[in-house]
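The values are calculated or read from the model by the stated rules, or taken from the named source; none is laboratory data. Since this is a predicted model, take the numbers as computed values, not measurements. Here the Cβ is made from the backbone with ideal geometry for all residues, glycine too, and neighbour counts use every protein chain on show.
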Amino acid sequence: MNMRIVVAPNAFKGSMNAVQAAEAMKKGILAVIPQCDVICVPVADGGDGLTEVMLAGLSGMRVETMVSGPRMEPLSAPFCMVPSRKLAVVEMAKASGLALLPKARHDPTRTTTYGTGELIRAAMDSGATRIIVGIGGSATCDGGIGMAAALGYRFLDETGTPVEPVGGSLGAIASIDRRNVDPRLDGISVSVACDVTNPLIGDNGASVVYSPQKGATPEQVTRLDEGLTNLARVIRTDLGVAIADMPGAGAAGGLGGGLHAFVGADLKPGIDLVIDVVGLTAAVASADFVLTAEGRIDRQTRFNKAPAGVARTAKAAGVPCIAICGGVGGGIESLYDIGIGAVFSICSGPQSLAAAMQDAEGLLARQTEQVVRTFLAGRSRRPVVQ
């Protein structure tokens, strides 16, 4: 009977997506065991790469549509459509992501999630009744008002004039007009793949924690937090929904809370959603060995990052799991009890980050080969010499 190994990597940010990583790992395994049954199940935790993972895992159809970027510039963005399930997977980073802007244009007071709302609308146009939204990698801190505006909501100031749906307008919102909201929203189910639990406002909220990474000055951080506080107040008054302290509401500059308030979305750990949709549990159940991977693994990995979800799934099935990564950070001993038996870096010696990223697929394949050889050596039974 052939050995069966499941490879379930996340993306290595900036060098290879999860699908490419899985193929590199498969190459490394077959170099050791040519007849091995390698099951590739690329995963994601809601951040960059979710679209590619779902396209591969669900044999989905890639749909390209024109949307408005984070500074309202036109761009083509994809989403994954699975017609047989009436399921669409939307990745906000494709429409409203920080990577879409040059550093000189990073400014969360002027960016918007409008394009993400356009992707949701396009998914409904394609017949989706269930939509999964991945919300990692945002350039925004608009509380989701851009997304909602694309779906027909209007945000009005004290004079009844619509405000521009960007982060800098949050403090001016006095009321929410729902008269032109897309009626199809009542007939869809939306799940948000979210890998953080930050509330919307305060010291651990969307603005204070994340907006400096998106170009906000200290003054803008304060302004955005005050604006999100105002938005939460108006949402509670006009919509009857409380999002200020909701875990995950602060994800993606408040888009987590906005999706809950404006389209009734449920927020769930991204890796749990992905594991369910791509069928990882069933794949692992018949495996001899599981390999996962990500660009960096450290003490934060255990908090709903993709390798942690894979490891927990493997542990539940009683299958050993090893993790491979680019950089090994501190605190990896905290990962052993969740099912990661050991962590290996793809870097075989001193080298620059640029060099490692350039040859990431080759390095991953070679380290996978060595990990599998180690696993086989440990399984071999040899007589004890007396």
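General observations
- Where a residue in the stretch 331-347 is over 13 Å from Gln367 (Cα atoms) and assigned by TED's automatic domain parsing to the domain that holds Gly318 and its partner, wherever it lies, is among the small types (Gly, Ala, Ser) and surrounded by fewer than 18 Cβ atoms within 10 Å (Cβ to Cβ), with Cβ under 9 Å and at least six apart: Ile332/Ala342; Tyr336/Ala342; Gly339/Ala316
- Selection of the stretch 63-122 for residues being more than 27 Å from Gly264 (Cβ to Cβ), in a strand (DSSP E or B) and over 21 Å from the mean Cα position of the chain (by Cα) yields only Pro74.
- Any chance Ala56 is at pLDDT 95 or above and either in contact with a helix residue (DSSP H, G or I) (Cβ under 8 Å, 6 or more places away or on another chain) or not in a loop (DSSP other than H, G, I, E, B) (or both): no
Quick grid of which residues meet (1) touching a residue at least 12 places away in the same chain (Cβ under 8 Å); (2) among the aliphatic types (A, V, I, L, M); (3) surrounded by fewer than 24 Cβ atoms within 10 Å (Cβ to Cβ); (4) not assigned by TED's automatic domain parsing to the domain that holds Ala18:
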site	(1), (2), (3), (4)
Met54	yes, yes, no, yes
Pro78	yes, no, yes, yes
Val82	yes, yes, yes, yes
Lys86	yes, no, yes, yes
Leu100	yes, yes, yes, yes
Thr116	yes, no, no, yes
Gly127	yes, no, yes, yes
Gly137	yes, no, yes, yes
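- Where a residue in the stretch 27-40 is in the same structural domain as Ala8 (by TED's automatic domain parsing) and its partner, wherever it lies, is part of a helix (DSSP H, G or I) and of a type in the set (Ser, Thr, Tyr), with Cβ under 9 Å and at least six apart: Lys27/Thr368; Gly28/Thr368; Ile29/Thr368; Ala31/Thr368; Val32/Thr368
- For first residues located in the stretch 281-309 and on the phi > 0 side of the Ramachandran plot, partners that are part of a helix (DSSP H, G or I) and lie 6+ apart or on another chain with Cβ distances below 7 Å form the pairs Asn304/Ile271.
- Residue in the stretch 310-330 that is closer than 22 Å to Cys40 by Cα, among the aliphatic types (A, V, I, L, M), more than 23 Å from the chain's Cα centre (by Cα) and part of a loop (DSSP other than H, G, I, E, B) present: yes
- Look at (1) buried (at least 20 other Cβ atoms within 10 Å of the Cβ); (2) farther than 30 Å from Cys321 by Cα; (3) out of contact with any Leu (no Cβ under 9 Å at 6 or more places or on another chain); (4) not hydrophobic (A, V, I, L, M, F, W, C) and you find that Gly253 fails only one, number (3).
- Meets criteria (modelled with pLDDT under 95, of a type in the set (Lys, Arg) and in the same structural domain as Ala31 (by TED's automatic domain parsing)) for Arg296: yes
- Some residue of the stretch 290-299 being part of a helix (DSSP H, G or I), closer than 19 Å to Cys194 by Cα and within 18 Å of the chain's Cα centre (by Cα): no
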